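> My questions all concern the structure below.
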Amino acid sequence: MSADRDGRGGDETRVGRERFRPADHPNDHFLLTTVVGSYPKPAWLTDVRERHEADGDAVTDDEWTEAIDDASRLITGEHERAGLDVVCDGEMRREEMVEFFARRIGGYEFKGPVKVWGHNYFDKPSVVSEVTYDEPWLREEYEFTAGVAERPVKVPITGPYTLATWSFDEVYDDDAGLAYALADLINEEISGLVAAGARYIQIDEPALATTPEDHAVVGECLERIVAGLPDDVRLCLHVCYGDYGEIYPKINDYPIDEFDVELANGDYDQLDVFADGDVDPDLGLGVVDAHTPTVEPVAEIEANIREGLTVVPPEKLTVSPDCGLKILPREVAYAKLENMVRAARNVEADLDSGEIDPDALRTGP
Amino acid sequence: MEHVATTAGLFPIPDAQRGRLVDLTGRGKGALIDGDESADVAAAYDAARERLVAAQREAGLDRVVEGQARWDDMLAHPLCVHENVRAGDVVRYYDNNNFYREPVVTGPLTEDGDLAADLSAAARLTDSLQAVVPGPYSLTDLARDEQYGSSAAFLDGLADFLAGEVDAFPDAVDTVLVLEPSLVTSPPDDDAHVRVRDALAAVNAATDADVVVHTYWGALGEKLHAHLLDTDVAALGYDLVSAHEECVYLVQEYGTADSVALGVVDGQNTRVEAPETVADRLSWFRESVPVSDFETVYATPNTELFYLPVSAFEDKLGALAAGVERVEVAE
């Protein structure tokens, strides 16, 4: 069904970009700047959490809640200070992208950590009965963040395909069956978020990168996720790393407004995949590397943004880091965001002045 | 016919030692095994081995493995500890959300005795020991070669290396389980089949113990299966969890070795099979193939077991042993 979801379709009617343009935006062109989601936690938050978990009297539940709220307020503000057009709270309430949701979805159980590599373990959950929607997962996070933010807030949600394939499934016949059931729950969750005011949702599907042959399963999940949602909800799909050639152009058929990719880490060696001039959703382009602690200079990020302009016009280009920034030192993460926004504003000014001719840059037909 | 309840090894590290090892070494790439561990780290692995052997005995398994807690890099381990191998990038382990250091072979793969040392330690804890080794072809798939110059020479070099390792195993080793998942996941070209056969035959010839070549995550191709039957190994293994019909077809059409290993417990799902499920799978295979009698049926999880949390792993061992006992009683 692609871009025609609920009547939308084509660049002119695609919902959502202009609504995120700040009132004081300095340029005519608008390259929407945002984050993928996670951000380094303040050191004190980790300290308080450990003390709270070790001894509920030393740090009470109320004190822990206050600490999380403070961290959320702090990082949301940090995103705004960096100049981002759309912000989030850096996922201060979440520890891990599957575990957070599995603890809130009925039917999941935790049976112990499993090895990822070396001495690194992950609490891989087991689905032990049919999955159910018992309580809102992210409403508290969204309402708090939206309440303290000046800028619009994006809500990242781990996608159903990733939640399914990164769990032990003791119940459903195959990963697709579990993924579809989870997609229905995510649809319910998003409906609640939309009722609370959210208009920008991002579905994270890193598992698709490793098993691109399941693109049709992810497509069906997305159809279930958008069912009944209002037209003015902007839906982004984030897929980090992997072989994009295996899933493009199939993603053109997905009911999404934006497809966010990790390309800076590979020095844009896969950009050609999108060079057919026919990318249907907006392209969310990773322009700073989430895995290296070197802060890219503004000029380098400008060059990265211009790479994006070779495959989509400016009105379809969103600018973001490659992925969540949580593994970086906090000051590095902030510096990357600050430089990223500066670079985007510089490129916008060059587009305004005609110094950059986007039509001449584009390589596609 | 004898039923032997056993496993494909590579167990999850028991909780106590897992925590101890992180305390001692941290979690980074530099924390991983290089064959030259400190006394404290070696003591943690000794404790893990004791616990893992005890868990198998408590569960009632017939043949016990060392447990391979030290195999940080899973099947690539024997190369990762070798002096002529350097640790490369951390890369994906087959089609799993697991990663290992890709071994880069930079010099001749001389025998180094790392596996034999662990097995000798295990031999002091049990009198029915099974060694587990990666197959030579899977090692070519998991490693990178900067020494041998061609895939054929690399395979031959790995076969010689593994034969040397196996030859050094203690006498207590009754069976050697050779894990060759890459024969299924990225099979060799037809013109390499004979070389793969000869590589496995070389490993087989290096020991008096019974050698079992086990594959999983699907079934072997028909031609490759036929070549493996010419290796003279004691048993071929089949993954009845992921590909039971394809595996039975192979045996129906082409026969098998005198003994078989049957993957009847899912090594990658926390759902614990009931003993009757294990027994049914074993019986179903026997009834489906035109073989009147096997010398030995090794009943095993289809894969390594490090994918599981410790509690599920231990439950699986119990289910396997109970399922085999049920079949033996019925017969």
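> I'm told residue B:22 meets every condition in (1) assigned to a helix (DSSP H, G or I); (2) more than 14 Å from chain A (Cβ to nearest Cβ); (3) modelled with pLDDT under 95 except one. Can you identify the failing condition by its number?
Of the numbered conditions (1) assigned to a helix (DSSP H, G or I); (2) more than 14 Å from chain A (Cβ to nearest Cβ); (3) modelled with pLDDT under 95, the odd one out for residue B:22 is (2).
> Separate question: Which ranges mark the strands (runs of 3 or more DSSP E) fully within the stretch B:69-184 that have 2 or more residues being modelled with pLDDT under 95 and either over 20 Å from the mean Cα position of the chain (by Cα) or within 14 Å of chain A (Cβ to nearest Cβ) (or both)?
Qualifying strands (runs of 3 or more DSSP E): B:85-92, B:99-105.
> Continuing with this model, one more query. Could you pull out the residue among A:224, A:234 that is away from chain B (no Cβ under 14 Å), out of contact with any strand residue (DSSP E or B) (no Cβ under 9 Å at 6 or more places or on another chain), basic (Lys, Arg) and closer than 21 Å to residue A:253 by Cα?
A:224
> Of the residues in the stretch B:250-281, how many are more than 30 Å from residue A:164 (Cβ to Cβ) and either free of Cβ contacts under 8 Å to residues at least 40 places away in the same chain or surrounded by 21 or more Cβ atoms within 10 Å (Cβ to Cβ) (or both)?
Final tally of qualifying residues: 12.
> What's the number of the condition residue A:178 fails, among (1) more than 16 Å from the chain's Cα centre (by Cα); (2) over 25 Å from residue A:248 (Cβ atoms); (3) not in a helix (DSSP H, G or I)?
Going through (1) more than 16 Å from the chain's Cα centre (by Cα); (2) over 25 Å from residue A:248 (Cβ atoms); (3) not in a helix (DSSP H, G or I) one by one, residue A:178 breaks only (3).
> Separate question: Output the residues belonging to the stretch A:28-37 that are of a type outside the set (Val, Ile, Thr), surrounded by 14 or more Cβ atoms within 10 Å (Cβ to Cβ) and closer than 19 Å to residue A:312 by Cα.
Answer for the stretch A:28-37, where residues must be of a type outside the set (Val, Ile, Thr), surrounded by 14 or more Cβ atoms within 10 Å (Cβ to Cβ) and closer than 19 Å to residue A:312 by Cα: A:29, A:30, A:31, A:32.
> Condition (residue is surrounded by fewer than 17 Cβ atoms within 10 Å (Cβ to Cβ), of a type in the set (S, T, N, Q) and away from every other protein chain (no Cβ under 14 Å)) applied to the stretch B:27-41: is it met by at least one residue?
Within the stretch B:27-41, one or more residues are surrounded by fewer than 17 Cβ atoms within 10 Å (Cβ to Cβ), of a type in the set (S, T, N, Q) and away from every other protein chain (no Cβ under 14 Å).
> Do you know which residues across the stretch B:232-277 are within 14 Å of another protein chain (Cβ to nearest Cβ), charged (D, E, K, R) and touching a Leu at 6+ places or on another chain (Cβ under 9 Å)?
Result: B:273, single match.
> Within the stretch B:1-19, can you find the residues that are surrounded by 15 or more Cβ atoms within 10 Å (Cβ to Cβ) and either over 30 Å from residue B:283 (Cβ atoms) or within 11 Å of chain A (Cβ to nearest Cβ) (or both)?
Hits for the stretch B:1-19 are B:10, B:11, B:12, B:13, B:14, B:17, B:18.
> Strands (runs of 3 or more DSSP E) wholly in the stretch B:215-331 with at least 1 residues that are modelled with pLDDT of 95 or more, more than 30 Å from residue B:16 (Cβ to Cβ) and among the β-branched types (Val, Ile, Thr) - which ones?
Fully inside the stretch B:215-331 and qualifying: B:259-265, B:296-301.
> Report, by residue number, each residue of the stretch A:316-356 that is within 21 Å of residue A:43 (Cα to Cα) and of a type in the set (Ser, Thr, Tyr).
Answer for the stretch A:316-356, where residues must be within 21 Å of residue A:43 (Cα to Cα) and of a type in the set (Ser, Thr, Tyr): just A:334.
> Could you please tell me which pairs satisfy a Cβ distance under 8 Å, a separation of 6+ or placement on different chains, a first residue in the stretch B:312-331 that is within 23 Å of residue A:114 (Cα to Cα), and a second residue that is basic (Lys, Arg)?
B:312/A:111
> Within the stretch A:129-145, identify whether any single residue is touching a Ser or Thr at 6+ places or on another chain (Cβ under 7 Å) and away from every other protein chain (no Cβ under 14 Å), and answer yes or no.
yes
> Turning to a different aspect of this structure: Taking the condition at pLDDT 95 or above and more than 21 Å from the chain's Cα centre (by Cα), does residue B:47 pass?
yes
> Across the stretch A:129-151, what is the number of residues that are in contact (Cβ under 8 Å) with a residue 12 or more places away in the chain and either assigned to a helix (DSSP H, G or I) or surrounded by 21 or more Cβ atoms within 10 Å (Cβ to Cβ) (or both)?
Residues flagged as in contact (Cβ under 8 Å) with a residue 12 or more places away in the chain and either assigned to a helix (DSSP H, G or I) or surrounded by 21 or more Cβ atoms within 10 Å (Cβ to Cβ) (or both) within the stretch A:129-151 amount to 12.
> Let me ask another. If I ask for residues that are closer than 13 Å to residue A:93 by Cα and small (Gly, Ala, Ser), which ones from the stretch A:35-54 would you list?
A:37, A:38
> Working only within the stretch A:152-168, note down all residues that are more than 14 Å from chain B (Cβ to nearest Cβ), assigned to a loop (DSSP other than H, G, I, E, B) and more than 9 Å from the chain's Cα centre (by Cα).
Result: A:152, A:159.
> Name the residues in the stretch B:20-36 that are within 18 Å of residue B:103 (Cα to Cα) and of a type outside the set (Lys, Arg), would you?
B:28, B:30, B:31, B:32, B:33, B:34, B:35, B:36 - these are the residues of the stretch B:20-36 that are within 18 Å of residue B:103 (Cα to Cα) and of a type outside the set (Lys, Arg).
> Let me ask something additional. Do we have residue A:218 as under 18 Å from the mean Cα position of the chain (by Cα), more than 14 Å from every other protein chain (Cβ to nearest Cβ) and surrounded by 20 or more Cβ atoms within 10 Å (Cβ to Cβ) here?
Judged against the criteria, residue A:218 is a match.
> Here's something else I'd like to know. Residues of the stretch A:87-128 being more than 30 Å from residue A:76 (Cα to Cα), within 11 Å of chain B (Cβ to nearest Cβ), outside any loop (DSSP other than H, G, I, E, B) and touching a residue at least 12 places away in the same chain (Cβ under 8 Å), which ones?
Hits for the stretch A:87-128 are A:109, A:110, A:126, A:127, A:128.
> Okay, next question. Is it the case that residue A:77 is more than 29 Å from residue A:188 (Cβ to Cβ) and part of a loop (DSSP other than H, G, I, E, B)?
no
> Scan the stretch A:211-219 and tell me whether some residue there is free of Cβ contacts under 8 Å to residues at least 60 places away in the same chain and of a type in the set (D, E, K, R).
yes
> Do we find a residue being free of Cβ contacts under 8 Å to residues at least 40 places away in the same chain and not in a helix (DSSP H, G or I) anywhere in the stretch A:334-356?
Yes.
> Is the stretch A:49-57 home to any residue that is modelled with pLDDT of 95 or more and either under 23 Å from residue A:188 (Cα atoms) or β-branched (Val, Ile, Thr) (or both)?
For the stretch A:49-57, residues modelled with pLDDT of 95 or more and either under 23 Å from residue A:188 (Cα atoms) or β-branched (Val, Ile, Thr) (or both): absent.
The values are calculated or read from the model by the stated rules, or taken from the named source; none is laboratory data. Everything numeric here is computed off the predicted structure, so don't read it as measured data. As a convention, Cβ positions derive from the backbone with ideal geometry for all residues, glycine included, and neighbour counts pool all protein chains shown.
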